1. Of the conditions (1) modelled with pLDDT under 80; (2) in a helix (DSSP H, G or I), residue 92 clears all except one; give me its number.
2. Could you figure out which of (1) touching a helix residue (DSSP H, G or I) at 6+ places or on another chain (Cβ under 6 Å); (2) modelled with pLDDT under 80 isn't true of residue 77?
Amino acid sequence: MPGNKRRIVLLGLWGAMIAASVLWFLRLDLPMAKIPEALRDWTSGMGVWGPWLFIAAYAIRPLTILPASIPAAAAGMLWGPAYGLLLTLAGENFSAGCTFVTARWLGRHWLAGYRQHALVKRIDRHLLEHGVPTVLLMRLILLPFDITNFVCGLTEMRYLDYAIGTALGIVPGAVVCVLFGSAWNEPRNLAISAALFGASLVLAAVIKRSRLGHDLLEFENRASEDGSSR
């Protein structure tokens, strides 16, 4: 019962944060075309604190319904490809670490009843013995960013392996999103972003055809379905 109450409280806080975010956005009454200019004005007004606030907002982003690609694109639009990529990588790594630790603290008991399942044992073994390359593959096959962070926290893998695999694996996707956002100011970057995105889809398709890729997809689906049903 205490565990159920804790989850209810956390879900309530999560819902309240989403509702507050939606209400705040609606009260702004901004046309879509004006949003980039408003964001630039807001970050400029923050001075040197703007980038730090962006990273902090990235860390709590998993509590909202906002996909990771949106703030990454916003960083490219606001700060350009180079600095925007640096801030995006910092924010994504910080966010991934926070989600991993939260999942390990709150949710490892969700998989307790499945530890002897052949699929779970295979993935756990991969993550324990080959943590860095396995997490790297999970990032490259374009699994949902936040679900991947959470699922890794449910396993027995070492945090250092997770952090290294994440730091390497998120780079291609971050580059694509930041370049896409920077195309608002530099239109030629849109073609580069599209080409890199196409290449990442091809790579993801190749990896998914492997045995490990298939196992990772099945494991992630089962873990996310089990977590949502509890």
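The values are calculated or read from the model by the stated rules, or taken from the named source; none is laboratory data. A quick note: this is a predicted structure, and the numbers were derived from the prediction, not measured. Virtual Cβ from ideal backbone geometry, glycine too; neighbours counted across all protein chains shown.
1. Condition (1) is where residue 92 drops out.
2. Evaluating residue 77 over (1) touching a helix residue (DSSP H, G or I) at 6+ places or on another chain (Cβ under 6 Å); (2) modelled with pLDDT under 80 leaves (2) as the failure.
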